[in-house]
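Just below is one structure, and these are the notes that go with it.
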């Protein structure tokens with residue numbers, strides 16, 4: 001399998017390809033991405049962490065993942081854009097009822113903005129379809145929209161004092177702690193485009209669930225003491 005080494009010079013590491021770009025779980029995926037980048041004149045290399053030691057191999061070296069590296073940070077945006085291309089043959093091979101083919105220009109643009117909710121193929125297809133429809137893709141606009149979306153989806157965290165009060169009420173068997181558990185664990189909010197997500201972060205929701213457990217235990221204890 002070609003190009004799966006860090007450097008040709010007897011294992012000596014050079015600073016030629018130091019910019020992490022993508023992590024792939026298979027050699028085939030990594031090689032396909034690398035080929036597409038090279039077609040677009042983006043210098044890259046595939047690194048396999050078990051092959052050689054590298055200071056840029058972050059994480060566990062035993063995971064067996066392939067890392068696609070770039071030569072320059074300035075190539076990052078070009079590399080991203082290069083991956084957002086789909087050949088005509090690939091589009092022609094899609095079923096006639098493939099969902100993205102029915103999307104409006106605005107919906108396709110949303111796919112690019114909400115990239116974390118879509119696979120790489122759908123992102124690439126959305127960009128290609130927009131290009132075919134002569135719709136300009138504004139990288140700055142997408143970047144700004146992504147940042148705004150991330151801020152809109154920022155989850156809240158209840159203060160430690162409030163959570164401590166919840167535990168105290170639970171130890172007393174007070175039903176307010178149960179109401180707190182329900183309110184904080186299931187409460188949701190929506191972004192401007194209707195995406196629903198939990199209002200409070202994982203830490204808050206996990207903690208209030210424990211408050212509910214403590215309350216339930218204390219209710220049984222109090223009942224046992226009073227009616228034994």
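The values are calculated or read from the model by the stated rules, or taken from the named source; none is laboratory data. Since this is a predicted model, take the numbers as computed values, not measurements. Positions of Cβ are generated from backbone atoms using ideal geometry, with glycine treated the same way; all protein chains shown enter the neighbour counts.
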Can you confirm whether the range 89-100 contains a residue that is at pLDDT 85 or above and either closer than 18 Å to residue 33 by Cβ or not in a loop (DSSP other than H, G, I, E, B) (or both)? yes
Residue, modelled with the highest pLDDT, within the range 183-207, restricted to residues that are surrounded by 15 or more Cβ atoms within 10 Å (Cβ to Cβ) and in a helix (DSSP H, G or I): 207
Name every residue in the range 15-55 that is more than 14 Å from residue 80 (Cβ to Cβ), at pLDDT 80 or above, touching a strand residue (DSSP E or B) at 6+ places or on another chain (Cβ under 8 Å) and in a loop (DSSP other than H, G, I, E, B), in order of residue number. 43
Does the range 131-152 hold any residues that are in a helix (DSSP H, G or I), surrounded by fewer than 14 Cβ atoms within 10 Å (Cβ to Cβ) and free of Cβ contacts under 8 Å to residues at least 60 places away in the same chain, and which are they? 132, 140, 141, 143, 144, 147, 148, 150, 151
Return the total of residues in the range 173-182 being exposed (fewer than 13 other Cβ atoms within 10 Å of the Cβ) and either touching a strand residue (DSSP E or B) at 6+ places or on another chain (Cβ under 9 Å) or within 13 Å of residue 210 (Cβ to Cβ) (or both). 0
Which condition number does residue 210 fail, the rest of (1) surrounded by fewer than 17 Cβ atoms within 10 Å (Cβ to Cβ); (2) farther than 30 Å from residue 109 by Cβ; (3) modelled with pLDDT under 90 being met? (3)
Determine whether the range 65-79 contains at least one residue that is in a loop (DSSP other than H, G, I, E, B), surrounded by fewer than 19 Cβ atoms within 10 Å (Cβ to Cβ) and modelled with pLDDT of 80 or more. yes
Pairs only if they're at least six apart or on different chains, beta carbon under 6 angstrom, first in the range 162-173 and outside any helix (DSSP H, G or I), second surrounded by 14 or more Cβ atoms within 10 Å (Cβ to Cβ); list them, first residue then second. 173/218; 173/219
Any residue that is exposed (fewer than 14 other Cβ atoms within 10 Å of the Cβ) and modelled with pLDDT of 80 or more - is there at least one of those in the range 107-119? yes
